[in-house]
Amino acid sequence: MSHVHVIGGGLAGLSAAVELAPQARVTLYEAGPACGGRARSFHDRALDAVIDNGNHLLLSANPYTFRYLDLLGARETLKGPGKPVFPWHDLEADLTWTLRLSPGRIPFWLLRRGSRVPGMKLGEVMALLRLMKADDQTRVADCLMPGQFARRLLEPLAVSGLNTDVERGSARLLGNIVRQTLAKGGAACCPWMAANGLSETFVEPAMRHLAGFHAQVLTGTRVSALKEEAGRIVALETSGGSVALGEEDAVIMAVPSPVAAGLLPGLEGPDEFESIANAHYRLQRPLKPRGSLKQAGFIGLVGGVAEWVFLHDEVLSVTVSAANRCLDWRNEEMLEHIWDELRRALDPLIEGFLPEEMPAARLIREKRATFAATPEQDKKRPGAKTAYANLALAGDWTDTGLPSTIEGAIQSGLAAVGALGFRTAFAGAE
């Protein structure tokens, strides 16, 4: 049986390992103390609560993500409204509304004032067609039309989806998201979140799955070099010693772009990055939301620093995407500013009020969270295949056609498996 060495225990590496486990002997190497990468949970001692290192919202049009969860029996660890419902609040206008998409492809929601973006004009929707037709040089801002449809919906979706501002972001990548979600109707846009933490949904079930197939998972083990002979990888240098590869063995490198470039000199990949900041507030008691906030469990904010707010029992979690703009902010200053925005947005939507004094809080900054999703950086993304016969690449920074997302990471793992000639359900595998 072939032996596949998967370097990196983020979602791309886990996706590849889960797919390979029934077909080959698998060893996974993770440099950190736990797998999961940017999609894991941990107990924060300062807050005395389990928090996610990042907030992630899934949509029902993420086929490979849901296939991954189904393979692991983990779909039931998600929570969501079961409908395409998205609460919003405009901090500048002090206006709350709910986007309610119609389930089919015909966008009846655009005709209902209680379902669409307030203040929008129907002509502004042409921006969606522009995005879907955009070439690989066009930026998001070039496709948008002035008005509230862009300001209150497309711009925040672009920033959160691309993790890059609209002036620089790739219209092609955003157009691919629109094509797979809004263009397919509300049934493709139902939002889902991990109910009890990202690790319980994405990581722990994968560990159980791999153990069931006797795969070896080596955490705290860094791969420092690859040895090549005659166009093949023949050995790995790890913090635990040298590992020789047999003639039928293969390697999947599922590490961040800078790490991959260090292991594989000459590899071109994205070299410009954007940060993400996540703020977590420990409440004295769970909130009691009303209306669509209760139904959805999250809300999008426009016109401020905070972008997405997630209700997790006694923890309020906030995401700030494209956060390079906030690098000069002190942590405490940023936490206080976001708390003020939360009070303004949530107080009308909950029973009682958030306290004026900010509770215990934690700000987590990921300075290189994703590659900058610009046209220039998108062109630098390599495919899964490499010049080495037994080496494939995985990671949300590879050429998936999507920006850095959970769906893109899982898809990349499947593409790497297919590039090595193993069975996979990925439609793009050769």
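Just so you know, all these numbers are worked out from the coordinates, no wet-lab data involved. Keep in mind it's a predicted model, so treat the numbers as computed, not measured. All Cβ positions, glycine included, derive from the backbone under ideal geometry; neighbour counts span all protein chains shown.
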Extension length gain for Leu122 and His3 (0.36 nm per residue less Cα distance), in nm, is 37.2 nm
Just want the answer: with Cβ charges of +1 for Lys and Arg and -1 for Asp and Glu, which residue in Val159, Leu182, Ala127 is farthest toward the dipole's positive end in segment 123-185? Leu182
Could you calculate the contour length gain from Lys385 to Asn331, that is, 0.36 nm times the residue separation minus the distance between their Cα atoms, to one decimal place in nm? 15.3 nm
Can you give me the angle between helix 331-346 and the longest principal axis of the chain, using Cα atoms only, in degrees from 0 to 90, rounded to the nearest 10? 50 degrees
When N is the residue count of segment 315-368, what does its C-alpha Rg come to as a fraction of 2.2 N^0.38 Å? 1.22
With +1 on the Cβ of every Lys and Arg and -1 on the Cβ of every Asp and Glu, and nothing else charged, how large is the dipole of segment 123-185 about its Cα centre, in debye rounded to the nearest 20? 200 debye
Counting only DSSP beta bridges with both residues in the chain, what percent are antiparallel, rounded to the nearest 5? 70 percent
Assuming 0.36 nm per residue, please report the length gained on full extension of the stretch Ser224 to Ala360 beyond their Cα-Cα distance. 45.1 nm
From the alpha carbon gyration tensor of segment 153-200, can you work out the equivalent ellipsoid semi-axes (sqrt of 5 times each eigenvalue) and give them in Å, largest to smallest? 22, 16, 9
Specify, per residue and in Å³, the volume enclosed by the convex hull of the alpha carbon atoms belonging to segment 296-339. 75 Å³
Ratio of the chain's C-alpha Rg to 2.2 N^0.38 Å, to two decimals? 0.99
Listed residues Gly82, Pro289, Ala279: farthest to the positive end of the dipole of the chain (Cβ charges): Gly82
Taking R0 as 25 Å and r as the Cβ-Cβ distance between Phe42 and Phe213, the FRET efficiency 1/(1 + (r/R0)^6), rounded to the nearest 0.05, comes to 0.45
Nearest 10, in degrees from 0 to 90: the angle of helix 406-419 to the longest Cα principal axis of the chain is 20 degrees
Note down the magnitude of the dipole of the chain about its Cα centre, charges +1 on Lys and Arg C-beta and -1 on Asp and Glu C-beta and zero elsewhere, to the nearest 20 debye. 1360 debye
If a/c stays under 1.5 just call it rounded; otherwise compare a/b with b/c (prolate if a/b is bigger, oblate if not). Do that for segment 265-314, with a ≥ b ≥ c from the square roots of the Cα gyration tensor eigenvalues. prolate
Please report Rg (one decimal) and Dmax (integer) in Å for the Cα set of segment 123-185. 10.1, 27
Can you pull the one-decimal nm distance between simple spin-label points at Leu267 and Ala187, each 7 Å off the Cα toward Cβ? 4.0 nm
Calculated from DSSP H runs of 4 or more alone, at -39500 (n - 2.57) each and per residue, what is the 222 nm mean residue ellipticity of the chain, nearest 500? -7000 deg cm²/dmol
Compute the label zone of Gln284 within segment 305-325: residues whose backbone N is under 18 Å from the point 7 Å along Cα-to-Cβ. 313-316
Report, in degrees rounded to the nearest 10, the 0 to 90 angle that the Cα long axis of helix 63-72 makes with the longest principal axis of the chain. 70 degrees
Just to verify a number: FRET efficiency for Leu91 and Met145, C-beta to C-beta distance, R0 = 30 Å, to 0.05? 0.85
Lysine pair count for the chain [Cα-Cα under 29 Å; pairs on different chains or 8 or more apart]: 24
Reference-scaled alpha-carbon Rg (2.2 N^0.38 Å with N residues) for segment 220-379: 1.47
Given Cα pairs under 8 Å that are at least 6 residues apart, what percent is the relative contact order of segment 99-241? 20 percent
